[in-house]
Amino acid sequence: MAGSVEVDAWRVLPPKPYDSLADYIEVGGGAGLAATDAVEPDTIVEELAASGLRGRGGAGFPTGVKWRTIRAYASAVLRTSVVVNAAEGEPGTFKDRTIIRANPYAVLEGALIAARVMAATSITIATKAEFDVELTRLRAAIDEVRAAGWLGDVEISVVEGPSEYLYGEETALLEVIDGRPPFPRIAPPYRRGIDEVVAAEADAESGSGLSADVQMAGTDDSVAPPVLVDNVETMANIAAIVAKGAAWFRSVGTAESPGTIVCTITGDVEHPGVAELPMGTSLRTAIDVAAGGVLRGLEVGAVLVGVSSAVLTADQLDTELTYESMKAIGSGLGSAGYIVIGSSTDPVAIAAGVSRFLAIESCGQCTPCKLDGAEIAAILAKATAGNATTDDLRELEVRLARVADGARCNLASQQQAVVGSILDRFGPQVAARFEPGAEAVPIRLVAALVDIEDTGEVVDTRFVDKQPDWTFDDVDSGKTPVDRLTDHRSDETLEGAG
Ligand SMILES: Cc1cc2nc3c(=O)[nH]c(=O)nc-3n(C[C@H](O)[C@H](O)[C@H](O)COP(=O)(O)O)c2cc1C
Ligand code: SF4
């Protein structure tokens, strides 16, 4: 399943999974942690900044800058904490789970370095209750590093969160760790971290009990201290940078996008897979190396960048996998999960699949995101059924223009970016779907990945029955998830919501 293009180019995904901590140590594992203990924390932060590592969770924020900022906002009385974002739920993405399966030690070593640098005594690995394989692997690896004396005064806990896509959004993740549903917070630059007592007091003060009321980080004891949240792949890169230096890290990749990227390639390909490649590799090569190429006999029609950035067209397959090249063609690197779709699939069927996913997963704290998102999905579904008119297309454009108004998190902008790009890049085919007499086509299912097996990818088909209120009931309640789950906080849990 996993593959690498050059043996010496891999950084986080070894050609063969490590069987034990001893395997990892044998190839130099642990050197980053040892090096951390020998220098001042600021030296580590500046080395990370010099390496140019950018967050691999999707937003691509420079990791060194983030660490420097979190350190600057440390509280004088309360400890900063460290969180690993292992909630991977974007359709087309399976790279974090692949890393955890093959090399949980690098993730733990990176998090332990972060804890030393932030003077944190708590690391939380926030993953999903349904990720059985990863939970087992992580817990065993934690036991091994504990037995090896790597933890010092640090406690590592594992949170088994809900299946919702939104849980991976950083502030929703913190909400879940604090025991609430995955509803994103308002995003101040230095947000408050994990502290149930302080958060509960904030709830009590406002009386609403909503995530909206969990506000800013601070340097005194009146609010919770900052929390460092980094993605699994980001964390897995840290130890080797600390051990071998920024120049070594920059020896692969490009100046703006140094290092490697772990790509997931699924969809209409020979054998879906995950591969770690030097940044700057073309998407076409990634499809060949990770997935054996496009399904024989098919031509590429479109490639989805998960559900986060503009869709790519067949003439863009030679684009390099870098932040700058993807931006230059109006898209993004995202979390490097690429869904290849053959030209026989109608672009509107793809748009309808993406739109439905995002509309259902929207939490409803921002009205346009949930309601305009639902209407966009409904119009696109109508177009796939062959019943839509040019008035519907105009209505679709109006809804798309406002769906992200006042949005608290990026999910609504994703609706705009992906659906908007399909309308732009496949104009004539889209227009034809809104003409009388268009033939019905099936909506392309877009949902999270459960696994990538030898026989192919396993998509979470439970999603077909998921209602906009996040239940799997026969009939949708008509409530938004935020209304439903905050109305019933005492007797209803997210587990009940699926
Ligand atoms: C809707 C949504 C879902 C997200 N899901 C994930 C996820 O599953 N895993 C992840 O690492 N980041 C996810 N992110 C990005 C995080 O909010 C955040 O940028 C990331 O944890 C930062 O870590 P990094 O700097 O190491 O990338 C998501 C963002 C949004 C808006
Ligand atoms: S933008 Fe959408 S998903 Fe994000 S907080 Fe608002 S309603 Fe929820």
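Length available on full extension from Asp473 to Thr69: 0.36 nm per residue minus the Cα-Cα distance, which gives 141.0 nm.
Taking the DSSP beta bridges with both ends in the chain, the antiparallel portion is around 50 percent. Among the lysines, which have Cα under 18 Å from the Cα of Lys16 when same-chain residues fewer than 8 positions away are ignored? Cα-Cα hits under 18 Å: Lys95.
Mean projected area of the convex hull spanned by the Cα atoms of segment 333-434, taken over all viewing directions: 6.3 nm².
Please list, or write none, the lysines whose alpha carbon is within less than 20 Å of the alpha carbon of Lys466, excluding same-chain residues fewer than 8 places away. By straight Cα distance, Lys466 reaches Lys128, Lys370, Lys382, Lys479. Rounded to the nearest 20, the Cβ-based charge dipole of segment 301-394 about its Cα centre (Lys and Arg +1, Asp and Glu -1) stands at 260 debye.
Label reach from Ala314 (point 7 Å along Cα→C-beta): in segment 444-464, amide nitrogens under 20 Å belong to 444. Per-residue 3J(HN,Hα) values for segment 338-350, derived from phi via the Karplus relation 6.51 cos²θ - 1.76 cosθ + 1.60 with θ = phi - 60°, read 10, 9, 7, 10, x, 5, 7, 7, 5, x, 5, 5, 6 Hz in sequence order (x marks Gly and Pro). Label reach from Ala328 (point 7 Å along Cα→C-beta): in segment 262-304, amide nitrogens under 14 Å belong to 280-283. For segment 71-88, putting each phi into the Karplus relation 6.51 cos²θ - 1.76 cosθ + 1.60 with θ = phi - 60° gives couplings of 5, 5, 9, 4, 7, 6, 10, 10, 7, 5, 10, 10, 10, 9, 7, 10, 9, 1 Hz, in residue order, rounded to whole numbers and with x for Gly and Pro. Averaged over residues, the count of other Cβ atoms within 10 Å places the peptides 309-315, 27-33, 53-59 in the sequence 53-59, 309-315, 27-33, highest first.
Pull out a ≥ b ≥ c, the square roots of the eigenvalues of the alpha-carbon gyration tensor of segment 1-86, then state rounded if a/c is under 1.5, prolate if not and a/b is larger than b/c, and oblate in the remaining case.
The shape class here is prolate.
Note on Glu26 and Glu155: their simple-model spin labels are 3.5 nm apart, each label 7 Å out from Cα toward Cβ. The shape of the chain can be summarised by an equivalent ellipsoid whose semi-axes, obtained from the alpha carbon gyration tensor, come to 36, 29, 19 Å from longest to shortest. For segment 425-431, 3J(HN,Hα) computed residue by residue from phi via the Karplus equation (6.51, -1.76, 1.60; θ = phi - 60°) reads 7, 10, x, x, 5, 5, 4 Hz, glycine and proline entered as x.
Values in this text are rule-based calculations from the coordinates and carry no lab data. Note that the structure is predicted; figures quoted are calculated from it, not measured. Reconstructed Cβ throughout: ideal geometry from the backbone, glycine too, with neighbour counts over all protein chains shown.
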